[in-house]
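**Student:** This is the structure, below, for whatever I ask next.
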Amino acid sequence: MKAGVNEDPVSWFLIDEGWTVAGRDGRDLGTVHEVVGDTDKDIFNGLAVSPGFLRSARYVPAERVGRIVDGRVELDLDRDEFKRLDKHGEVPPSAEIRPDTTDLPDG
């Protein structure tokens, strides 16, 4: 912990790219690559965390995020559990079913 860093918890709305991400043992796991959620609806889905240069970001679900303080996010995971998380990828497009795109007979 750096001297002068605010230890008061902050909202997920303040999490920014580059913040340090630590495991439950306090060891650094990486940095925030992306916050996944919908700020308009106050829905926090999780974080994409980059474990280092040339390594794929891992998706951390919101329920595994613990305390958030200015510049640092603490997870309820250890290093081994973090390594087993899925890689963060593009969100798949949602399917839209329209009457003109189905094979159902009319009437």
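**Student:** Suppose R0 equals 22 Å; then what is the FRET efficiency for Lys41 and Asp8 from their Cβ-Cβ distance, rounded to the nearest 0.05?
**Tutor:** Details: r = 25 Å, r/R0 = 1.15.
Efficiency at R0 = 22 Å is approximately 0.30.
**Student:** While we're looking at this one, here's another question. Using DSSP to call loops (not H, G, I, E or B), can you name the chymotrypsin sites (Phe, Trp or Tyr not before Pro) in the stretch 28-91 whose Cβ has at most 11 other Cβ atoms within 10 angstrom? Working shown, then result.
**Tutor:** Numbers: sites: Phe44, Phe53, Tyr59, Phe82; in loops: Phe53.
Sparse-neighbourhood loop chymotrypsin sites (Phe, Trp or Tyr not before Pro): Phe53.
**Student:** Can you list the residues, at least 5 places off or on another chain, whose amide H is less than 5 Å from the amide H of Val36, using H built in the peptide plane?
**Tutor:** Here Asn45, Gly46, Leu47, Ala48 satisfy the definition.
**Student:** Still on this structure, I have one more. May I ask you to derive the relative contact order of the stretch 10-66, considering only C-alpha pairs under 8 Å and at least 6 residues apart, and to give it as an integer percent?
**Tutor:** Numbers: 91 pairs, mean separation 13.6, N = 57.
Once divided by the residue count of the stretch 10-66, the mean separation gives 24 percent.
**Student:** Scan around His88 for amide H atoms under 5 Å from its own, H built in the peptide plane at 1.01 Å from N, and keep only partners 5 or more places away or cross-chain.
**Tutor:** Ala57, Arg58, Tyr59
Bear in mind these aren't lab numbers, they're just calculated from the coordinates by the rules spelled out. Because the structure is predicted, anything quoted here is derived from the model rather than measured. Note: ideal-geometry Cβ built from the backbone for every residue, glycine included; neighbour counts use all protein chains shown.
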